[in-house]
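*Asks:* What follows is a structure written as structure tokens; I'll ask about it next.
Nothing in this text is a laboratory measurement; each read-out follows from the coordinates by a stated rule. Bear in mind that the values here come from a model prediction, so they are computed numbers and not experimental data. As a convention, Cβ positions derive from the backbone with ideal geometry for all residues, glycine included, and neighbour counts pool all protein chains shown.
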Amino acid sequence: MKEQSDIDQILARVKAEESKRGKLKIFFGAVAGVGKTYAMLESARLREKEGMDVVVGYVETHKRAETEILLEELEVLPPKKIMYRGIELREFDLDEALKRKPSLILVDELAHTNAPGVRHAKRWQDIEELLNHGINVYTTLNVQHCESVHDIVAQITGVAVKEAVPDSFLEMADEIELVDLPSEELLKRLKEGKVYLGPQAERAAINFFKPGNLIALRQLALRYTARSVDAKMRAYKEMYSISKVWKASDRFLLCISGDPSTIRLIRSAKRIASETGADWIVAYVETSSVTRRPYRQNQVDALIRSAEKLGAKTIILSGQRISETLLAYARSKNIGKIIVGKPKRPWLSELITGSVVNELARQSGEIDIYILSGEVEEKIPKPIDASHRPLSWKGVLLSVMIIFFCTMANSFLFRVVELSNLIMVYLLGVICIAFFFGKRISFFLSLLSVLCFDYFFVPPYFTFAVTDVQYIITFIVMLITGLVVSTLADRLRIQTISARLREEHNQILYALNKELSKTSDSDEVIKIAVQHLEEFCQCPVAIFGVDQNTSAVVQAKGSLSLPLTSNEEGVINWVYEHGKIAGRGTDTLPGSKGIYLPLVGTEKTVGVFGAFPGDLQLLSDPRKMHFLEMIVTQTALAIEGAQLAAAMIRAEYAIEDERIRNLFLTSFSHDVPQKLNTVSRTISQLLEDDKIGQEEKKRLAKQIRFEAEQLDMLTAELHRILKSTAGIVQGKK
């Protein structure tokens, strides 16, 4: 009870903190003119009639009569007037709004850029400050100003929109209301002058307000709103611990196995996603009962990479049972459809070990289960099990020798122990063979141990005849036990191999991150990365950059001695520009000598990594390629961090340099003229006054010399400071 009371107190404090922050509602639309501002004003007037204190902070009516009418009965804050390059600009007055502090304030055009001289550069920052002061805000936004779709809009319309609002801010919105209008109606409003007036309307009709653009932007707005609502629905379900799936969104989960024919299932799922416009997730479940061999793991990695290329989100899940793990994940993500392939296992195998499809059907509840066969059957080469030792004469000979030694040991123990203990000796030999040579030889050894046990230690001796029927049961149990033990030992061997590979990868990442953390110099980071990448790839590698003339430049290399031909430079430039993998063994420019991966940071591409393997072993191992991409990504982030740190240092030194320069100018504009003025007055006094005695002349001459020496020292000191500071800044550059 006390624990529950503590949880309630924590929740109460969290709600109290949330209640201090204002609520944000965004009236969202595809383009200007759909009626966002009108809808916002109508909603605000309803709130005012309900007794809420409503104030209009800033609204842009664009001289639309119907919009201006709605403003008549609302309190409007006077705009802040700012003179900029001889033009009077009208901006939202944040300070006046904070002083007024209404319950609800209307601030139009969320993506607006403020004029110089305003506290914040962007209007969304003004709104964020209002929210932090507990003021509820209504605002408007077009989809082209969302940062995540900024580039997509530019590609569709051919117009680069400069103003963007971070999606992290939009995700904090308590409500996003879509204001939609058919494209034909919007074009009609544009012609009637209800969107823009005069030449601005003509330019909009020619450049932006094309029917195709409006359809695409409308679809983007609908999808963006749907994603926002879906995220809030999942957050609500998680907050109130609702596990039941609400089929409000079109999304499905595809479960794959390591079978190579699964690629047909992935293609079918891609076709369904394209036809329905649904989001799809490809999942593979690792269980403790099914251990993946390295060849199987490579196949799964290849399938996952294929799904990613087709546009799917992928995930690897871990759990005890496949059906339970899939259903738990689907419910956590509010996925209402699960697609699986037709079972190919024999009915007897499914009867013994169970069927995933049947378990999903029984336990799915409100989730729909779809069974697909994939595309038309095609011949898919079966991968070679590289981890499974082939049945060799060496293994068979060693198995026979182990049986011989086990039999010799049992011959000494035969008269002092029971027969059941002799079986344990044979099982020990089966375990050893299974661990070192695999399951197939251990099966042979299990059968051979049963025969030896019968021939040497079961009466009548030295024959395979059995007089007691009980020994038949013993042989059967012994054989089954040997098979089970050999299977478990073989599985342990595979797990050991997988654990060793994971440990090697973890050691590589640990060593790389450890060395990268010791330096903040980008050149040193690149050298460290090349050293570790060459050690991992076991082939010559290099990291390239692109200069201002779009020519590839080697920033660091290991043992690479190949000449950088024009073809290779072209591949490097393509990878740098497009941010995608290319080169040997890929679908893009496969005739290259090397394989090239982009070094993509959080904001830009910082370089290109190139590997030049002598064979296709690196390219044919999907798991190794996936890990290589992970290292390259880590390297890109480290290089970008080092470059940002260097830029910050340069900025700090530039600021210091500017401060010293200002000090230098201040000194010359104040101290130096003052001393020169003193010297000038003293010299004038000497020249103009004939009645000055010798003593007074000496005193004035000493004063002139003192002031001159002070001026000389000041000049030398300022020159030294300026020169040393400029040298430091130049060195940092």
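*Asks:* Run the simple label-point estimate for Asp468 and Ser373 please: 7 Å along Cα→C-beta, distance reported in nm.
*Replies:* About 5.6 nm, to one decimal.
*Asks:* If I model a spin label as a point 7 Å beyond the Cα along the Cα-Cβ vector, how far apart are those points for Glu75 and Leu428 in nm?
*Replies:* 9.2 nm
*Asks:* Starting at the first residue of the stretch 28-41, write each ³J(HN,Hα) from the Karplus equation 6.51 cos²θ - 1.76 cosθ + 1.60 with θ = phi - 60°, in whole Hz, x for Gly and Pro.
*Replies:* 10, x, 6, 8, 5, x, 7, x, 5, 4, 4, 5, 5, 5
*Asks:* Additional query: I need the trypsin sites (Lys or Arg not before Pro) found in the stretch 110-154, filtered to DSSP loop residues with at most 12 other beta carbons within 10 Å of theirs.
*Replies:* Arg119
*Asks:* At 0.36 nm per residue, and after removing the present C-alpha to C-alpha distance, how many nm does the segment from Glu175 to Thr496 gain when stretched out fully?
*Replies:* Answer, rounded to one decimal: 110.4 nm.
*Asks:* So between Ala65 and Lys698, what do we pick up on full extension, going 0.36 nm a residue minus the alpha carbon distance?
*Replies:* Going from the current span to full extension adds 219.2 nm.
*Asks:* In the structure shown, do any of Lys122/Lys162; Lys210/Lys580; Lys313/Lys593; Lys210/Lys604; Lys36/Lys210; Lys23/Lys81 have a Cα-Cα gap over 23 Å, and if so which?
*Replies:* Violating the 23 Å Cα-Cα cut-off are Lys210/Lys580; Lys313/Lys593; Lys210/Lys604; Lys23/Lys81.
*Asks:* Full-extension gain between Asp95 and Phe456, please, as 0.36 nm times their residue separation minus the C-alpha to C-alpha distance.
*Replies:* Here the answer is 119.9 nm.
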